[in-house]
Amino acid sequence: MKKLLLFFIASAFISCNNDKSENASEVDQVQEDSTNVEEIEFKQVDSRLIDNDSLWKPFEADLSEFSTEVYEEVKALVFERSIPEIQQAIDNEKLTYEEVALFYLSRIKEYDRENDLSLNSVISLNPNLIKEAREKDQQMSTAENHHPIFGIPVLLKDNINTANIPTTAGSYALKDNQTKDAFIVKQLKENGALILGKANLSEWANFFCEGCPNGFSTVGGQTLNPYGRKIHDTGGSSSGSGVAVAANFAPVAVGSETSGSILSPSSSNSVVGLKPTIGVLSRGGIVPISSTLDTPGPITKFVIDNAILMDAMKGVDKADAASAKARKQQAVYYSNLEKAELKGKRFGAIKSLMEDTLYVRAINDLRKAGAEIVEFEAEEIDLPNFLRLLNLDMKKDLAAYFKNYGGDVSYKSVQDVVAYNEKDSLNRAPYGQALFLGIVKDSSSEKEFAAIKDTLKTNGTRFFEKPMKEHDLDAVLSINNYHAGYAAVAKYPAITVPMGYTSENKPMGLTFIGKPFTEEHLLQFAYLFEKNTKRRKTPADYNE
C-alpha cells in the first residue's frame, strides 16, 4: 500500500493519472488472471463540435485517388516503421512524402471517428498538409538542412500553439483560438517536419474537472485505448498523442507533461514517452498549468524516433526563462544512440514494485544485458501542497498565456473561462469545472508560494537523490507513471518504454528516471532495453 499512498499524494488532483488513481491500476495487477473485463461507461464519447464533413473536405480529391492498392503498397513501407526506415524508402524512391501523408490521413479517416472502432484521438488536421508534403518532395534534393524529421508528419497535442489550426486545450472556450506557432513548432518546421494536425487531450491538460475520465475533452470527445477500447484507460493528459501513435495514425506525436501526462498515456498505449528536464524544450506558446513543472516531450513507437523528435524540437527560447537557463545543457540525442551500452550501468529497482511480474522480467532483461541491479526500499516522503502549487501557478500562468501567446480571445484569467462555461455548463463543462473553481478560490503570499515550491522540490529530489547517491545509480526503474509526481517536483527526466502486457492485454511500461539533463543517457538505456526485448505489439483491431 506504500506505493499507492505515495502515488495518490502526488497525483490525485493533477494531470498525471494513469487509471485515474493508482488504486485502479493496482486492481488490474492483482487480478491479472481475470478475463471478465467490463466496459467503462462514459458520460459522453463522441464530440459534439467536430464536423467530419468540414474536417475532411480539404482532402477529398487527393484521398479519392489514393486507392486501396496504393495504400497497401505504402503500408508495407510505413506501417510500424521507424523514421529512419521511412526515410530510407524515400531515399530509394519507393515512397514519397505525399504518399506518407495520405497514408496517415487514410487511417485517421478509416478508424478515428464515428464507427465501431473509433478512438477519437485527433481533434483537427492541417488543411495544407498535402500541399506541404508535395513541396517537401520537390525540396528533397536541394534542402540544406535534411534533418531526419524532414517530411515526416508530426501530430501535436492540442495545447501547443499552431498557426492555421485552432489551439483549444480541448476546451469549448478556446475552440476559435487561432495563434502563431509555439517555439517548438517553429523548430519542427525549420527542420522540415510536416504538421499533421492536433491530438485530443484531457481537457486543459487534466486540470479542469474533478472525477472526469482521462482522455475526455469538450472539443474532442472521449479518447479510447486501442488495446482495449472502452476497457483500458488511455492515461492522461496527452491521451490523443499516445493513442494516435499506437494505432499508426501518426508516426510521432508531441505531448506535454506537468506530472505524468506523457508517461501515463505512453505506458497505457504501449509507446515510448520522454518527459525531459524542465527547460530542455521550450514551453513558449503552450497552454500552461504550471511554469514550475510544465514541459513538452516526444511520444513515439520507437526510441530512435523519440531521439529524432527531441533533436528536432530543441533550441534556446529567450522568452522562456527555463529554456534560457538550460541553454548550456543542449545535447545531441539521435546520433549518440549507438554509443549506448548497459554493461556496468547501475539501476535501482524499487522493492515495493517487485510483486509485478512484468517489472521483474524487465529487470532480468537488463541484468542479462550487462546492467547491475540494486534493489532498495523507497523512502516514504510526502509532497505537501502539490495541488496548491498547480492552483497558484495556473492562476498567473494562464493569464500570461492569454496576454503573450493567446489568439483573438477575450479571456484574461481563469475566472473569465469559468464565467464563460457557466453560461452553458451542459455543453461547455459536462463533467463540471471543480478544479478551475479551486484555482479561482486559492491565493497565497509570495513568501508562502516560494516555501511551497521549495518544500516540494526538496522532498521530490530526496526521493531519488538519496538512493542514487547511496548506491551510485545511473537511473531508478519504475513502472508507468507511478513516481511521476516525485520526478515532476524534483525536475528529473524520465522515459517509459513498453515492457509487456497483462493477461487482459493492458500495456505496461518500464520507466527510467535519471538526474537532471541526463536525457541523452536515458534514451540510450531505453534504446538498448527496447532492442533487447522488442516487447511492443500492434493493437490487434488496428492492423489493417
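The values are calculated or read from the model by the stated rules, or taken from the named source; none is laboratory data. Predicted, not measured: the structure shown is a model, and the values here were computed from it. With ideal geometry, Cβ positions are generated from the backbone for all residues, glycine too; neighbour counts draw on all protein chains shown. Areas reflect the complete protein model, heavy atoms only, side chains present, ligands, DNA and RNA absent. Shrake-Rupley method; radii C 1.70, N 1.55, O 1.52, S 1.80 Å.
Values as computed for the structure displayed
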| read-out | value |
| --- | --- |
| Fully extended contour minus Cα-Cα distance, from LYS396 to LEU437, at 0.36 nm per residue | 13.3 nm |
| Region 34-120: C-alpha pair distances exceeding 16 Å, % | 63 |
| For peptides 382-392, 269-279, sequence by mean Cβ density within 10 Å, most packed first | 269-279, 382-392 |
| Long-range tail of P(r) for region 80-184 (Cα pairs > 21 Å, %) | 46 |
| Rg [Å, one decimal], Dmax [Å, integer] - the chain, C-alpha atoms | 21.5, 66 |
| Distance-filtered residues of region 142-172 - backbone nitrogen under 11 Å, label point 7 angstrom along ALA319 Cα→Cβ | 161 |
| Relative packing of peptides 440-453, 294-307 - highest average C-beta neighbours within 10 Å first | 294-307, 440-453 |
| Student exercise, the chain dipole from Lys, Arg, Asp, Glu Cβ charges, in Debye to nearest 20 | 1620 |
| Per residue value of the accessible surface for the chain (all protein chains in place, 1.4 Å probe), Å² | 38 |
| Residues with amide H under 5 Å from that of ALA193, placed H, sequence gap 5 or more | GLY151 |
| Peptides ranked, highest mean first, by Cβ atoms within 10 Å: ranges 521-528, 48-55, 413-420 | 521-528, 413-420, 48-55 |
| For region 156-258, Kirkwood radius (reciprocal of mean inverse C-alpha pair distance, Å) | 13.7 |
| Rounded to the nearest 20 debye, dipole of region 391-544 from Cβ charges on Lys, Arg, Asp, Glu | 160 |
| Flagged links, alpha-carbon separation over 31 Å, of LYS325/LYS403; LYS423/LYS447; LYS314/LYS345; LYS43/LYS189; LYS198/LYS343; LYS301/LYS412 | LYS423/LYS447; LYS43/LYS189; LYS198/LYS343; LYS301/LYS412 |
| For GLY500, residues with placed amide H under 5 Å, excluding near neighbours | MET508 |
| Charge-dipole axis of region 112-183 as Lys and Arg at +1 and Asp and Glu at -1 on Cβ define it, positive-most pick from ILE165, ILE152, ALA182 | ALA182 |
| Among GLY255, PRO58, LEU426 the positive-end extreme of the charge dipole of the chain (Cβ point charges) | GLY255 |
| Counting all C-alpha pairs of region 69-127, share separated by more than 20 Å (%) | 33 |
| Extension gain, GLU72 back to THR538 (0.36 nm per residue minus Cα-Cα distance, nm) | 166.1 nm |
| Solvent-free Debye scattering, log10 I(q)/I(0), computed from the Cα coordinates of region 261-371 at q = 0.13, 0.20 Å⁻¹ | -0.65, -1.19 |
| Total charge dipole magnitude, region 429-473, about the Cα centre, Cβ charges on Lys, Arg, Asp, Glu only, Debye to nearest 20 | 60 |
| Estimated Rh, region 336-389: Kirkwood, alpha-carbon pairs, angstrom | 13.4 |
| With every protein chain in place, the chain: carbon and sulfur % of accessible area (1.4 Å) | 46 |
| Amide N proximity, region 219-248 versus GLU85 label position 7 Å along Cα-to-Cβ, cut-off under 17 Å | 245-248 |
| Kirkwood hydrodynamic radius of region 381-452, Cα pairs, Å | 13.5 |
| Local net charge near ALA163, Cβ-Cβ under 15 Å (Lys/Arg +1, Asp/Glu -1) | -1 |
| Selection from GLY315, SER270, ALA244, by position along the positive dipole direction of region 242-343 (Cβ) | GLY315 |
